[in-house]
Structure formats: C-alpha cells, structure tokens
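The block underneath contains the structure these notes are about, expressed in structure tokens.
The values are calculated or read from the model by the stated rules, or taken from the named source; none is laboratory data. Source: prediction; values computed, not measured. Note that each Cβ is placed from the backbone with ideal geometry, even for glycine, and that neighbours are counted across all protein chains shown. We work out accessible area using only protein heavy atoms, side chains counted, and drop any ligands, DNA or RNA first. Shrake-Rupley method; radii C 1.70, N 1.55, O 1.52, S 1.80 Å.
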Amino acid sequence: MNEEERDPLIDTEVVVETVTGISLYDYGIAAGIFILFIVFRKIFTRYLFRVILKYSDRAKTDVLHNILMAFKSPLQLFFVIIGIYLALLYLPLPDGFNQPMIRIFRTLVIIMMAWGLFNLSSTSSTLFVKVGRKLDIELDQILLPFLSKLVRFAIVAMALSIIASEWGYDVNGFVAGLGLGGLAFALAAQNTLSNFFGGVVIITEKPFTIGDWISSPSVEGIVEDITFRSTKIRTFAHSLVVVPNATLANEPIQNWSKMGKRQITFKLGVTYSTSRDKMETCVDRIKMLLRESEHVDQELILVRFESFAQSSLDIFVYFFTKTTAWEEYLEIKEQINLDIMRILEVEGVQIAYPTRSLHVKHEEVSEEKKHEFLEREY
C-alpha cells in the first residue's frame, strides 16, 4: 500500500498514541494495575481484615485489636497510594520524574505510619493501661489524656523531622534553632511554664482527680477538668472557677472525696440546775444511742461531760458516720439530734442558753437618813 492510499483514521490514531511518547497500551496496563489494587483494597477491607480482626478478638489480650483498628484507615489509603506508585512506575516516564515520585511515595508512607501511631496513642486505646500495669503505674482519667497528648505531640514532631530530612532539609540546624527559641520562650513565659509544671505535679502526685470535692485557700468545689495550664472547679454556688495549676500546686488541698467516714462533733450545753445523777444518765444514754446506731462508725465514739462553761454544763460529743454522701450524712445527723433531744426531754434536762444573773443588794436605811434626804429635797 502506498502513502496516497493510507486511511486517514490510522494516521490520527498513531498521532494520539505518540503525543506523550507513551502508548495507549501502556496507559491501559497502568490503569489496570491501579484498578487491581483498588479491588484488592475492597477485598482486604471487607473480608481479610474482618477475618484477622475476628481471630485477634479470640486472643487473651486486646492490644492486637487496638493496633489493627488504629492502622485500618492508613492501610486502606496505602493500597491506593501503592497502586498509583506501581502504575506510574510501569509507565516509561522521564528519568527526572522518578526521584521526586519516590520522595513523595516515601513521604506518604511516613505520614500513614504516623497516622496509625497517632490513632494508637488515643485515650480510648488500652495500650497505656497495659504498659502501666507492666510498670506498676496507675493510670487514671487525668494521667491518661496527659500521656496521650504528650505521645501524640512527639509522634507529630518526629514525623515532621523525618519528612524534612527526606526532602533534604537540615534538621540539626532546625533543632538547634528550637533550642535557642525555647530558651527565649522560657524566659518570656515563666508563668505559663510554672502552670505547666504545676499541672505535671498535680497529675503525677494525684492529690485529686476529676469529680473529687476539694477545698483550698483559693476555692472549694468539684473538679471538672485538669489541663496543662489550669484546673476547672465547679463551686457549690454552681459557678465555674479556673485556677492556675501553679496556685493549686503550692497550696494545701483538702480532698473531701477521699473520706472513708464523716465526722460529727459538737458541744451540748445543759443548764446548771441539772443534777449530777441526771448528767451521768444523759451521758450514758447518748453514748448507748451512738453505739446502737447502724449508721455510726463504731471505731471511735466519745461522749463526755467536758467542762463548766459560763452559762452551761457542756457535754462533748464526737463520732463519725459511715456514709460520706452529703444528703445522707445530714439525714443521719438530724435523726441523732432528734434522739438526743428525746433523751433530754425524758430525763427532764433543759438545754442551756446564754444567761446572766443580776443580784441586787438591799440595805436598810435608817429613819434619820430618810429625814435628812427629805429635807434636802424640799
């Protein structure tokens, strides 16, 4: 066939195939490689991953389950990225294109690894709890979020430094600059750093935790949240007080939620007209009342005739309730007070109140003085 008899459609097809220097056949193979990895990704997600997850659930530990769930999304993206990478690698691309493509691929792999570790270090992961048990460290709802944020920050920082070094940046100079900048920042932000280290002291020593009722010279209420800088406390007036951690770390703190029992103590003053026998009877009956109460802790009960006060005879009462709940504590205290009043009524003993007796001395006046007084008046 000569050149004049060629079909123009064939010439057009040849032109289309050679515009980029890559044939449609090569493009088709590359697209097939990419589609193959997309299909394998769906198979892995729907079938293989579920089977692996099912067998991991049968194990005695759930660490493997957490690792698989943390890396599930990065693995799904990894199949897409490796499909694109192998498809591009198959194509006869120019030599200058391969090196940037490899860097981009390695950067994406680093990001996916950091993504999986970032998910694994979440507060919902049991990895910290397992490590804490191995090291005999108790992790609570304060320390766990703190460690999670610390580890996540370290993961992000390491990932960024590895990516920077992958693209040829001098990480050592960057770290040295961070050191000098950190020194300047420390001098300029002393209060912030003191609050941060105060938060570290609170989290490590654990004088209180979220939900505890605490009191200090600054505030009293229920702890709602503890952050790096401050502690949020809900007062009994239902206002929210934000206290810097440095303040709380340097103050005496009473943690009322740690009470195993709750104290009740008071002085009961009776009138001076109370006889000795009735006083002894009242003391014995009040002591017996407390001994027989199921709500009173029996370890230490003190009922004693203590002192002769200015206007009363004082009976000292000291004991503890078994409950520490505020409402139940008040109910028990009220019932015991009513029972003590009943004992005093039965024994005919009156409760004293502040009184003062005024004695007026009467002197007889002679008739002579009366006469002199009347003469002076008139």
**Complete:** With criteria (1) buried (at least 16 other Cβ atoms within 10 Å of the Cβ); (2) touching a residue at least 24 places away in the same chain (Cβ under 8 Å); (3) not in a loop (DSSP other than H, G, I, E, B), T274 comes up short on (3)
**Prompt:** Can you pull out the residues in segment 293-336 that are of a type in the set (S, T, N, Q), assigned to a strand (DSSP E or B), under 25 Å from W256 (Cα atoms) and open to solvent by 30 Å² or more (accessible area, probe 1.4 Å)?
**Reply:** Q298
**Request:** Identify the single condition in (1) modelled with pLDDT under 60; (2) under 24 Å from Q254 (Cα atoms); (3) surrounded by 14 or more Cβ atoms within 10 Å (Cβ to Cβ) that F228 does not satisfy, given that it satisfies every other one.
**Result:** (1)
**Message:** Against the conditions (1) at pLDDT 70 or above; (2) more than 20 Å from the chain's Cα centre (by Cα); (3) small (G, A, S), where does G198 fall short? Just the number, please.
**Reply:** (2)
**Asked** Could you count how many residues in segment 77-103 are part of a helix (DSSP H, G or I) and touching a residue at least 40 places away in the same chain (Cβ under 8 Å)?
**Response** 10
